[in-house]
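Participant: One structure follows; several queries about it will come next.
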Amino acid sequence: MARYIIPIVMLVISNIFMTIAWYGHLKLQKMNIITDHTPLYVVILISWLMALIEYAFQVPANRMGFIDNGGPFNLMQLKIIQEVITLAVFTIYTMFIFGGQTLQWNHVAAFVCLIMAVVFVFWK
């Protein structure tokens, strides 16, 4: 069971850092911690540091999870799992960190489609 759980947990952690790296600077700007005058290279460096943490979890998760390395997932399964986790983490981040964002019916419909993608990619 750990063969399934550990890569998925690591992908969740990876995606939390990825989401912060990609979108955290927007929240920092909204909070006036980063201003319009902050040089772009500073923002990029901050994001790269966060992305480094992301990769420290993402790369081992994919290596451990990949079937050719003794894991339970093929490449398509790993990618679909990654996409579902990415959107779930992003949605939670957006709703709680960027208050005022609401979940619409079409977002829910898109998630249902992603869940179906997971079902189909694991279908034998």
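The values are calculated or read from the model by the stated rules, or taken from the named source; none is laboratory data. What you are looking at is a predicted structure, and each value in this text was computed from that prediction instead of being measured. Please note: Cβ atoms are built from the backbone with ideal geometry, for glycine as well, and neighbour counts cover all protein chains shown. All accessible areas refer to the heavy atoms of the entire protein, side chains included, with ligands and DNA or RNA removed. Shrake-Rupley method; radii C 1.70, N 1.55, O 1.52, S 1.80 Å.
Participant: Using beta carbons and a limit of 7 Å, which pairs, at least six apart or on different chains, have the first residue in the stretch 112-124 and in contact (Cβ under 8 Å) with a residue 12 or more places away in the chain and the second one open to solvent by 80 Å² or more (accessible area, probe 1.4 Å) and in a helix (DSSP H, G or I)?
Facilitator: Every condition considered, the pairs that remain are 121/76.
Participant: Which number in (1) in contact with a helix residue (DSSP H, G or I) (Cβ under 7 Å, 6 or more places away or on another chain); (2) modelled with pLDDT under 85 marks the one condition that residue 100 misses?
Facilitator: (1)
Participant: Considering each residue of the stretch 88-124, count those that are more than 20 Å from residue 19 (Cβ to Cβ) and of a type outside the set (A, V, I, L, M), and give that number.
Facilitator: Of the residues in that region, 7 qualify.
Participant: Have a look at 58, 29, 82 and point out the one that is under 25 Å from residue 116 (Cβ atoms) and modelled with pLDDT under 95.
Facilitator: 82
Participant: Do the conditions hold for residue 92, that is, is it touching a residue at least 24 places away in the same chain (Cβ under 8 Å), under 19 Å from residue 13 (Cα atoms) and hydrophobic (A, V, I, L, M, F, W, C)?
Facilitator: Answer is no for this residue.
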